[in-house]
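Input: a single structure, listed below in structure tokens.
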Amino acid sequence: MTWNHRITAEGTPWRTRSWARTGVVLAVLASVTVGLTSGRDAIAAGAVQEKALKSAYKLLKLNGSLVKWGRPTLGSGAVVTYAFLEGPVRDSKARNCTAMTGFKTLSSRSGFTRQEIRSAARSAFKRWSNVADLQFRESASVEMANIVIGSQMIPRGYAFANVRQIESDVARGPVSFIGNEVGGERALNRVQPLEGVITTNSRRRSRPVSVIEKSAVCLNPVHDWKLGFDGNLKTYDLTHTFTHEIGHAIGLDHPARRGSLMHFKYTEARNGLSEGDIAGAVALYGPAR
Ligand SMILES: [Zn+2]
């Protein structure tokens, strides 16, 4: 299933029960592996584990292409720059994070200083660079930065990411975007509709992997935010949220299976990346070096 569908099955909140179930499955897999003696069985069990891991992440697809930073080759590392907004910017082409500004409003409502918010975002970048061959460098230039981080000017949902692939890589139609909110009541995944513009290139096949041109991460300044988990699933942990949205910004989508940070439901069952999240980042960029 590709990402350009609207997710509607968000009625059931993520509860510990689901986690327990996942835990049981993993435990069974682990014990199967330990108990095996024959090589063929071990390979079979490995395949089962690999399959389980593959369903624990999902790579983002835009216009039929997987998207990543760096070279358009799966498993190749990348250096990615990011910048924090200081003032308002508007990206009329974006589906999400169209109008963003600096973190002044967010910090005044949640009581966090701008520095605390930035530090949470930096920790989130580090989570990804710790496991995959990604280097994130902070830039002072919002124009030049690959990923721009800021506060929404029109508050909506909790947090969103916008991902734009390089236009020359888009085989058909206009640039497309993913719209996501982390964990909330609603997840919106929709491709921008084709606008009927037929060019001479319109029959060109889409590439299997294309390069991201720019990503944005924006947080809703009206919501309360927190640092750390306290069991209250209505107030999101900033670091967790940044990690999720940065996950989109580097080319990951919501896996169908629960249990990972990239799942669209906010949960405090696990702090940090799951094996599935890591496998997804490694599939795109290779392991950390
Ligand atoms: Zn999301």
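The values are calculated or read from the model by the stated rules, or taken from the named source; none is laboratory data. What you are looking at is a predicted structure, and each value in this text was computed from that prediction instead of being measured. Because the Cβ atoms are built from the backbone with ideal geometry, glycine has one as well, and the counts that use them run over all protein chains shown. Just so you know, the surface numbers come from the protein's heavy atoms only, side chains and all, with ligands and any DNA or RNA stripped out. Shrake-Rupley method; radii C 1.70, N 1.55, O 1.52, S 1.80 Å.
In this structure the amide hydrogen of THR81, modeled in the peptide plane, comes within under 5 Å of the amide hydrogens of ARG137, ASN146, ILE147, none closer than 5 places in sequence on its chain.
The packing ranking, built from the mean of other Cβ atoms within 10 Å per residue, places the peptides 238-248, 96-106, 120-130 in the order 238-248, 96-106, 120-130, highest first. Checking the Cα-Cα distances for LYS54/LYS126; LYS68/LYS104; LYS61/LYS214; LYS54/LYS234; LYS54/LYS93 against a 26 Å cut-off, the pairs over it are LYS68/LYS104; LYS54/LYS234; LYS54/LYS93. Other residues whose C-beta falls under 11 angstrom from the C-beta of GLU138 contribute a net charge of +3, scoring Lys and Arg +1 and Asp and Glu -1. Accessible area per residue for the range 28-149 is 52 Å², calculated with a 1.4 Å probe on protein heavy atoms, without ligands, DNA or RNA. 3J(HN,Hα) along the range 226-243: 9, 10, x, 8, 9, x, 7, 7, 8, 10, 8, 6, 4, 5, 4, 5, 4, 4 Hz, from the Karplus curve 6.51 cos²θ - 1.76 cosθ + 1.60 with θ = phi - 60°, whole Hz, x for Gly and Pro.
By per-residue mean of other Cβ atoms within 10 Å, what is the highest-first order of 263-274, 44-55?
263-274, 44-55
In this structure the amide hydrogen of LYS61, modeled in the peptide plane, comes within under 5 Å of the amide hydrogens of TRP3, none closer than 5 places in sequence on its chain.
Can you tell me which of 275-284, 82-91 comes out highest on packing, and rank the rest after it, using the mean Cβ neighbours within 10 Å?
Those peptides, ordered most packed to least, come out 275-284, 82-91.
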